[in-house]
Amino acid sequence: METLNYIILGVCTIIAGILTAYFTYYYKRKNEKRRLKNITTLHNFEIINDSTDVLNTRLLPIIERLSLEGETIEINNIGLDLETVIPWINQKIIASKKNLIVEIKLKTLIIDDNSEFIKSIINGKSNIQSSVLHASMDIAQKIIQENYHNFTLEIKKYSSPPLIHGFIINNEHLFLGFTEIVNKKLHGGVFPYLYLKKDNSSDLNKHYFNFFKSWFDYYWMNAESMNNNKKL
């Protein structure tokens, strides 16, 4: 009888061990699948044609809606030569009184065409030109000096290779673009952008937002301010 009890106890111990191992494996796999689902699922995104489409058909309506809601608008921009951004500011933001009923704060980065990482890949067959860049900075300086009501423009030039560019608005809306090197020359702003609305349930969505914000902060911290210059 005692031997039988030992056998039963041993069998129960083995079964308990098997069940423990099984449920540990099951819940580990379940949690892993949930984690992978969060990583691989990307909701609330669109593909936008190019920088002109981003500014006029996507970003501007967001600004108009936030203005009507009375919300302060903060825009961070990693730019290239600002060929489309600066005219857009003049024509669509400053010239429109309805958009300036709330405070708009725009921080924008522009490439440094004297940077050793940049000067050899722009101009020529690149669609990024020094002449356009300097014209953009001249107009930006005039905007800064006008000191418009409810509109603040800060501009800095950065010397790192411009791999990405785009906009983030109030940490809720992200427009992310990428550049290409074509025949050893930089091209950007003419390729499709990825638009994402913030979604805290998606790890992939959060990664894209953190990706843009962290690189913007890094560029901004190491860039040269142009706001204090009399002429850019």
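Of note:
- When Asn147, Asn127, Asn114 are checked against the criterion of being loosely packed, with under 13 Cβ neighbours inside 10 Å and under 24 Å from Trp215 (Cβ atoms), Asn114 stands alone in meeting it.
- Hits in region 105-148 - residues which are in contact with a Ser or Thr (Cβ under 8 Å, 6 or more places away or on another chain) and basic (Lys, Arg): Lys105
- Inspection of region 195-213 identifies no residue that is among the hydroxyl-bearing types (Ser, Thr, Tyr), within 26 Å of Asp113 (Cβ to Cβ) and in contact with an Asp or Glu (Cβ under 8 Å, 6 or more places away or on another chain).
- Members of region 88-105 found to be surrounded by fewer than 20 Cβ atoms within 10 Å (Cβ to Cβ) and in contact (Cβ under 8 Å) with a residue 24 or more places away in the chain, listed by number: Trp88, Asn90, Lys92, Ile94, Lys98, Leu100, Ile101, Val102, Glu103, Lys105
- Residue in region 211-221 that is of a type outside the set (Val, Ile, Thr), in contact with a helix residue (DSSP H, G or I) (Cβ under 6 Å, 6 or more places away or on another chain) and within 24 Å of Asn90 (Cα to Cα) present: no
- Here Tyr158 clears all of (1) surrounded by fewer than 18 Cβ atoms within 10 Å (Cβ to Cβ); (2) under 17 Å from Asn76 (Cβ atoms); (3) modelled with pLDDT of 95 or more except the condition numbered (1).
The values are calculated or read from the model by the stated rules, or taken from the named source; none is laboratory data. Nothing here was measured: the structure is a model prediction, and the numbers come from that model. For neighbour counting, all protein chains shown are included, and Cβ atoms are generated from backbone atoms with ideal geometry for every residue, glycine included.
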